[in-house]
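Right, one structure below, let's go through it.
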Amino acid sequence: MAELNPKELEELKRASDLLGGRRLAVLTGAGLSTDSGIPDYRGPGSAPRNPMTFQEFIGSEANRRRYWARNHIGWSHLRHADPNAGHAAVALLERRGLLTGLITQNVDRLHEDAGSINVVDLHGRYDQVVCLDNGHTFSRRLIAAILEEINPGFLEAAVESGVVEVAPDADATVEDSELITSFVMAVCPICGGTLKPDFVYFGENVPKDRVARAYEMVDNADALLVAGSSLTVQSGLRFVRHSAKAGKPVVIINRGTTRGDEFAQLKLELGVSGALDYLARTLPDLPGASEPIGVSGG
């Protein structure tokens, strides 16, 4: 991880002073996973994307075939990603008793891999697949194995044709359109129904119970820390507005403008992983926090 320069350390000291002594709710976005090799949606330098909407997915078999073919390629790349120092820092904040909970817009499950426990996967999880007809759920590994069996040589052909881009939701852009149209989709192993990766598409609502649990984390917190999100979509921005309306400090760490900047008491244009690592090591223990874990270093 790159060393923090004096100006960055000064800004992080301001954040530490503001957040110190408060229990935090944390909201993370795709910018946190870039250090794990997963591209951002809207960060500086990220390629323009036109993701498939839920309505497009359910409305056309051709769209579903295109999506599953690209997702199968993306999954083969992203499933090898490992948590980075930022994920580890959030897990440490939780172990120290400084968090009411973690809300993530990411579907990559890297927070859980890093050891975070009290997590709301706001937009779902890419390691799970759901049947739209009867609600059966399956591991993505199982469906990947089925797809590989019914599409022999597909992944190798995709690599040869050239994968242009892999997105945070495991979608991938491939130049060979004939390869995509030849892809054979899997059906539900139980009922033969339509399968969909178990995350929220654009145009699809986040489940109400998930939103309620996230609001509870924010309500129980004294401040909200946002890390690596442009807050472009309302599903994340609402928690920033909610915190600001309640008079709770909002700190945003993100390279580039966010839709929540006007609500933030402090905005830091810093690398997310390094900033979170600093805060996890410097924020003071809370009185009465359950079994806080001491940290070393400065």
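The values are calculated or read from the model by the stated rules, or taken from the named source; none is laboratory data. As the structure is a prediction and not an experimental result, all values here were calculated from the model. A quick note on method: Cβ atoms are made from the backbone with ideal geometry, for glycine too, and the neighbour counts reach across all protein chains shown. Side chains are part of the model used for accessible areas, which takes the heavy atoms of the whole protein and leaves out ligands, DNA and RNA. Shrake-Rupley method; radii C 1.70, N 1.55, O 1.52, S 1.80 Å.
If we only count strands (runs of 3 or more DSSP E) wholly inside region 72-189, which ones have 3 or more residues that are at pLDDT 95 or above?
Answer list for region 72-189: 99-104, 119-121, 124-131, 137-139.
Keeping to region 240-259, report how many residues are of a type in the set (Gly, Ala, Ser) and either part of a helix (DSSP H, G or I) or touching a Cys at 6+ places or on another chain (Cβ under 8 Å) (or both).
Within region 240-259, the first condition is being of a type in the set (Gly, Ala, Ser), and the residues that meet it are 243-244, 246-247, 256.
Pick out the ones that are also either part of a helix (DSSP H, G or I) or touching a Cys at 6+ places or on another chain (Cβ under 8 Å) (or both) and you get 243-244.
Result for region 240-259: 2.
Restricting the search to region 71-90, which residues are of a type in the set (Lys, Arg) and more than 16 Å from residue 106 (Cα to Cα)?
Result: no residue meets the conditions.
Identify all residues within region 190-203 that are over 15 Å from residue 141 (Cα atoms) and not in a loop (DSSP other than H, G, I, E, B); write none if there are none.
Hits for region 190-203 are 199, 202.
Can you tell me which condition residue 187 does not meet? The list is (1) of a type outside the set (Asp, Glu); (2) closer than 22 Å to residue 34 by Cβ; (3) free of Cβ contacts under 8 Å to residues at least 12 places away in the same chain, and all the others hold.
Unmet condition: (2).
Are any of the residues in region 188-204 loosely packed, with under 15 Cβ neighbours inside 10 Å, among the β-branched types (Val, Ile, Thr) and over 26 Å from residue 4 (Cβ atoms)?
yes
Does residue 40 satisfy being within 30 Å of residue 282 (Cα to Cα), out of contact with any His (no Cβ under 7 Å at 6 or more places or on another chain), at pLDDT below 90 and crowded, with 18+ Cβ neighbours inside 10 Å?
yes
Among the residues in region 50-57, are any open to solvent by 60 Å² or more (accessible area, probe 1.4 Å), in contact with a strand residue (DSSP E or B) (Cβ under 6 Å, 6 or more places away or on another chain) and at pLDDT 85 or above? Please lay out each step first, then the result.
Taking region 50-57 as the starting set, the residues that turn out to be open to solvent by 60 Å² or more (accessible area, probe 1.4 Å) are 50, 55-56.
Keeping just the survivors that are in contact with a strand residue (DSSP E or B) (Cβ under 6 Å, 6 or more places away or on another chain) gives none.
No, region 50-57 contains no residue that is open to solvent by 60 Å² or more (accessible area, probe 1.4 Å), in contact with a strand residue (DSSP E or B) (Cβ under 6 Å, 6 or more places away or on another chain) and at pLDDT 85 or above.
Quick one: in region 71-115, of everything that is open to solvent by 10 Å² or more (accessible area, probe 1.4 Å) and free of Cβ contacts under 8 Å to residues at least 40 places away in the same chain, which residue is nearest to residue 206 (Cα to Cα)?
109
Would you check which residues across region 260-290 are more than 20 Å from the chain's Cα centre (by Cα), farther than 27 Å from residue 83 by Cβ and part of a helix (DSSP H, G or I) and list them?
Within region 260-290, 262, 263 meet the criteria.
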